[in-house]
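*Asks:* Following this message is one structure expressed as structure tokens.
The values are calculated or read from the model by the stated rules, or taken from the named source; none is laboratory data. Computed from a predicted structure; not experimentally measured. Every residue, glycine among them, receives a Cβ derived from its backbone with ideal geometry; neighbour counts consider all protein chains shown.
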Amino acid sequence: MNADDFERITPVEEQGARPFPDSKGNDTSESRTLLNRVFFSPRIGMIALLFLLGGLLYLLLGKEMRFFMVPSASMEPTLFAGDMIVTFNQKAYARGDIVVMKHEGEYLVKRIIGLPGDSLTIIDGALFINGKYASEPYVRESMHYYIEEPVLIPPGYFFYLGDNRNLSDDSSRGFANYAEKLDAAARLSYLGVLNDIIGKVHFIYYPYNRLGNLPSYILTNTAGS
């Protein structure tokens, strides 16, 4: 008997043309290939890791993880309609954070622009916080409206805008030049309430070609804390 009489043993990866039979002798190669694609896909692995990370943060830090789908184009080009996002609640939030909040019975995703004690104006398409220009490279285009009279943010509230400034339903509607003349109490309804923030957006988990972390852009050149 020579060596050719023995069947060569090969790694499983090399046996693609030799399907594994089940207990009844049926070919299971296609189902195994499908399982490999599902359970060993890098994208699926990334999502599983995201869920695991969320669970660990909740257990170790008490941070609640929530999932949302972006409903409109108001946050383009940062977030697009249909993006699926993950938020974590925090003890405090900063200017530039993208957050999901509950406002008048609806969930909104917007960017925090001003915090309690801040003074805001919008002149010639540019944002000024506490009298200083604030760079915003993330906006789709310059604002077509203006806010000449400084908006003072009271305790417990925040001023929010969408990155797609001219197509966003946000705090500007209560204070911009095109807004109706409202009294101080009515204008408060166009500000966000800090206690109504669900959490800061940290990740995009779908679509897969946009999967990844979503860092905040901290507004610069501001005098406030």
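*Asks:* Which of (1) closer than 20 Å to Thr87 by Cβ; (2) in a loop (DSSP other than H, G, I, E, B); (3) of a type in the set (D, E, K, R) does Arg140 not meet, given it meets every other one?
*Replies:* Among (1) closer than 20 Å to Thr87 by Cβ; (2) in a loop (DSSP other than H, G, I, E, B); (3) of a type in the set (D, E, K, R), Arg140 violates only (1).
*Asks:* Okay, next question. Can we say Gly192 is closer than 29 Å to Gly82 by Cβ, without any contact (Cβ under 8 Å) to a residue 40 or more places away in the chain and out of contact with any Asp or Glu (no Cβ under 8 Å at 6 or more places or on another chain)?
*Replies:* For Gly192, the condition - closer than 29 Å to Gly82 by Cβ, without any contact (Cβ under 8 Å) to a residue 40 or more places away in the chain and out of contact with any Asp or Glu (no Cβ under 8 Å at 6 or more places or on another chain) - is not met.
*Asks:* How many of the residues making up the stretch 79-114 are touching a helix residue (DSSP H, G or I) at 6+ places or on another chain (Cβ under 8 Å) and not in a strand (DSSP E or B)?
*Replies:* Count: 3.
*Asks:* Scan the stretch 72-88 and report the pairs whose first residue is over 18 Å from Ile198 (Cβ atoms) and of a type outside the set (Gly, Ala, Ser) and whose second residue is at pLDDT below 95 and surrounded by fewer than 23 Cβ atoms within 10 Å (Cβ to Cβ), with Cβ atoms within less than 6 Å and a gap of 6+ or a chain change.
*Replies:* Once the first residue is over 18 Å from Ile198 (Cβ atoms) and of a type outside the set (Gly, Ala, Ser) and sits in the stretch 72-88, its partners that are at pLDDT below 95 and surrounded by fewer than 23 Cβ atoms within 10 Å (Cβ to Cβ) give Glu76/Arg140; Pro77/Arg140.
*Asks:* If you go through the stretch 163-208 one residue at a time, how many are of a type in the set (Ser, Thr, Tyr) and more than 19 Å from Val100 (Cα to Cα)?
*Replies:* Within the stretch 163-208, residues that are of a type in the set (Ser, Thr, Tyr) and more than 19 Å from Val100 (Cα to Cα) number 2.
*Asks:* Here's something else I'd like to know. Given (1) at pLDDT 95 or above; (2) closer than 15 Å to Met75 by Cβ, identify the lone condition not met by Asp169.
*Replies:* (1)
*Asks:* Asn166 fails exactly one of the following numbered conditions: (1) touching a His at 6+ places or on another chain (Cβ under 6 Å); (2) assigned to a loop (DSSP other than H, G, I, E, B); (3) not small (Gly, Ala, Ser). What is the number of that condition?
*Replies:* In the conditions (1) touching a His at 6+ places or on another chain (Cβ under 6 Å); (2) assigned to a loop (DSSP other than H, G, I, E, B); (3) not small (Gly, Ala, Ser), Asn166 misses (2) alone.
*Asks:* Then there's this: Answer with yes or no whether Tyr145 is surrounded by 14 or more Cβ atoms within 10 Å (Cβ to Cβ) and without any contact (Cβ under 8 Å) to a residue 60 or more places away in the chain. Spell out how you get there, then give the answer.
*Replies:* On the way: surrounded by 14 or more Cβ atoms within 10 Å (Cβ to Cβ): yes; without any contact (Cβ under 8 Å) to a residue 60 or more places away in the chain: yes.
The answer is yes for Tyr145.
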